[in-house]
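Some notes on the structure that comes next.
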Amino acid sequence: MTSNPAPDRTLRSAPRGPSPSDPPRAPRAPRIVVVGGGFVGLTLARRLERRLRRGEAEVVLVDASPSMTYQPFLAEVAGGRIEARHVAVPLRTTLRGTRVVTGRATAVNPDRRRLHLTLPDGTGTVLDYDELVLAPGSVSRMQPVPGLAEHAVGFTTLADAVRLRDAVLTRLALAADYADAERRRAALTFVVVGGGYTGVEAVAELQDLARATARRYPGLDVAELRVELVEAEGEVMPELPPALGAYTRARLADSGITVRLRTQVTSMVGGVVELSDGERFRADTVVWAAGVRGNPLLARTGLPVDPRGRLRTRATLQVDGAEHLWAAGDGAAVPDLAAARRPDDGAPMCGATAQHAVRQARVLARNLVATLRGGGLVEYRHRDAGSVAGLGSHRGVARIYGVRLRGLPAWLLHRVYHLAMMPTWGRRERIALDWAAALLGRRDLTAPDLVRGGLPTASRPDVRSEVPA
Ligand SMILES: Cc1cc2nc3c(=O)[nH]c(=O)nc-3n(C[C@H](O)[C@H](O)[C@H](O)COP(=O)(O)OP(=O)(O)OC[C@H]3O[C@@H](n4cnc5c(N)ncnc54)[C@H](O)[C@@H]3O)c2cc1C
C-alpha cells in the first residue's frame, strides 16, 4: 500500500515574501502568530486582546492541544485531589478575540516568515506571520540511563499526571491479588527520580494516594508500601533555604518516604532499579522528574539555542540575532537582570517557572504593541518572588519575598496562591469544589479498567497469570 504525502494548505497568505505563483493578495492587518498556548501563550494573547486597537493586528495562537494545562496542579491531579479536566483551560472559549489553531508547529522559515504546522487530521499547512512568538515550553530532560525510556513515566503533561494516578491505583489493585511475594513487593514499590519541587510534590501526593488506597483495600497493609525519592544533589528543592529543605526531608520521611540524596539511578532495565549507592530492587512504577529542557522544536528551527535546548533570547525577549522572532517561558534562555551575578558563572538566566513565564508574557505583549506602533522596547526584569510547594495533606513549604513558612500556613498559601493564579473563574470554582470533596474524604479512588485498558505504565506483566483463580 502506498500513502500520499500530507497535502500542504496555506491557512492565509501574507503580503511579504510571495512566490511568483502566488495570487495577488488584499492588504491586511499585521499578523502576530504565537506558538504555544501555555502560561506564556495564554497570558500574552489575553494581554494583546486588551491592548490592541480594533483591526490593529490579527493574533493567531497555535497549540497542539485545545487547552492550556496549569502544571503546578499536576501533582494534585496525580494524587486524585483535583479532577484532570479542571486544570485544563479551554483556549477557544477563553480567548474570544484571538484566532486559535489546534495544530503542531513543525518548522519555521524566518526568511519567508512562515510557520509550518501539522493539523490534527495529519495534513500539513503553513501560516505566514509578521511577528512570531515561540513559546512551546519544555519537555522532560532524559539521561542515558538504560531502561529509562521503556520503564519510567515523565511528569510534565496532564496525560502524565493521569497515568501516574492510574498506575498507583492499578498497582495496588494488582498487589492485593498477587500470590507471589516478589511481584507484590514490586507492585507496591514507587520511585520518583528528581528532588526539585516537581519531584517533591509528586512523591508527596503519590504517597498520600497510595496510603489512602491501601487503607481501604482488604488484604493490603500500608506498611508494605515502599516509596523512594532519589536526588543526585545534596538537598531537595535547592531554591529554598537549607532549613526548609531539611524540613521538607523530615516531613517526607515522617510520612514513610525514603529520601536518598547524592544518589543516582544507574539502570532500570526490566523494572529493576539500580542506584549509585549499590541498592538494587524491583519497582513497577518509576517517575522521571529530573529537570526539563527546551522543546525539541526550538533546536530544529536552526535559531541559536543554549545547551538546554532553549532559544537564546535578549532581555527584550527578541530571539538573538533574528528579526520578527520572539521567545519566552521554559523554551527561552532569557537573561535574569534582577539576579546577582556570580563571579564563576556566566550571566544568570531566568529559571523554568510559571512565575517568569507569566511576567515575561506581559512584557512581550507590551513590546509587540510597541513594535507595531514604532515605539521603544523594554527589558524583562523581575525579582524572584520565591516559591511555594505542597507536601501532601495540610503541609507545605514557602519562601515569599524573604518570608519563610512551613506546615499548615505554607500549605494554605500554596493553595490560595495557585487558585488565584489559575486562569478563569470557572476553573477556580471547580478546583475549589474538588478540594472540598477531598477534605470530606470523597477522593475518587476508582482504579482504571485493567481488562480493557491495560496497564498504565510501560511495563506490562501478564495480569491474568498473576490473579489467583
Ligand atoms: C509538575 C509541574 C509542576 C510545576 N509547578 C510549578 C510551580 O509550582 N510554580 C511555578 O512557578 N512553576 C511550576 N512549574 C513550571 C511551569 O509550569 C512552567 O515554567 C510553565 O508552564 C512554562 O510556561 P510555558 O508557556 O513556557 O510552557 P507551557 O505552559 O508548558 O506551554 C507550552 C505549550 O506549548 C504547546 N506546544 C508544545 N509543542 C508545541 C508544538 N510543536 N506546536 C504547538 N504547540 C506546542 C503545549 O501544548 C503547551 O500548551 C511546574 C511544572 C511542572 C511540570
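Throughout, read-outs are computed from the coordinates displayed, never taken from laboratory work. It should be emphasised that the depicted structure is a prediction, and the values quoted were computed from it without experimental measurement. Positions of Cβ are generated from backbone atoms using ideal geometry, with glycine treated the same way; all protein chains shown enter the neighbour counts.
Here Ala338 and Val403 are evaluated by their C-beta separation; at R0 = 25 Å the FRET efficiency comes out at 0.85. When the Cα positions of Trp326, Leu275, Val286 are compared along the charge dipole of the range 273-354, Trp326 comes out farthest toward the positive end, with charges on each C-beta of Lys, Arg, Asp and Glu.
With Cα atoms defining each centre, the range 26-48 and the range 414-447 are spaced 29 Å apart in the structure.
Calculate how steeply helix 354-373 sits against the longest principal axis of the alpha-carbon atoms of the chain, using the helix alpha-carbon long axis, and give the answer as 0 to 90 degrees to the nearest 10. The angle comes out at about 10 degrees. Measuring nothing but how far apart in sequence close Cα pairs (under 8 Å, 6+ apart) lie, relative to its length, the chain scores a relative contact order of 17 percent. Helix 408-421 axis versus longest C-alpha principal axis of the chain: approximately 30°, rounded to the nearest ten.
In this Cβ point-charge picture (+1 for Lys and Arg, -1 for Asp and Glu), the range 175-295 has a dipole of about 140 debye about its Cα centre. Taking the centroid of alpha carbons for each part, the range 98-152 and the range 351-397 are 22 Å apart.
Structural descriptor for the range 18-117: relative contact order 27 percent, calculated from alpha carbon pairs under 8 angstrom and at least 6 residues apart. A straight line joining the Cα centroids of the range 161-217 and the range 298-336 runs 38 Å. Couplings 3J(HN,Hα) of the range 57-73, computed from phi: 7, 9, 10, 10, 10, 10, 9, 5, 10, x, 9, 8, 9, 8, 4, x, 9 Hz, in residue order, whole Hz [Karplus 6.51 cos²θ - 1.76 cosθ + 1.60, θ = phi - 60°; x for Gly and Pro]. Normalising the average separation of contacting C-alpha pairs (under 8 angstrom, six or more residues apart) by the number of residues puts the relative contact order of the range 88-215 at 11 percent. Taken about its Cα centre, the chain carries a charge dipole of roughly 1740 debye when the Cβ of each Lys and Arg holds +1 and the Cβ of each Asp and Glu holds -1.
Angle of helix 197-216 to the longest C-alpha principal axis of the chain, folded into 0 to 90 degrees and rounded to 10: 40°. In terms of packing, defined here as the mean over residues of other Cβ atoms within 10 angstrom, the peptides 213-223, 113-123, 30-40 line up highest first as 30-40, 113-123, 213-223.
Scalar couplings 3J(HN,Hα) for the range 432-440, obtained by applying the Karplus form with A = 6.51, B = -1.76, C = 1.60 to θ = phi - 60°, are 4, 5, 4, 4, 4, 5, 5, 5, 7 Hz; x denotes Gly and Pro. Adding -39500 (n - 2.57) for every DSSP H run of four residues or longer, then dividing by how many residues the chain holds, sets the calculated 222 nm ellipticity at -9500 deg cm²/dmol.
Backbone amide hydrogens, once placed in the peptide plane, bring Val305 within less than 5 Å of Arg312, excluding anything fewer than 5 places away on its chain.
Among 415-427, 357-369, 256-268, how do they line up by average Cβ neighbours within 10 Å per residue, starting with the highest?
357-369, 256-268, 415-427
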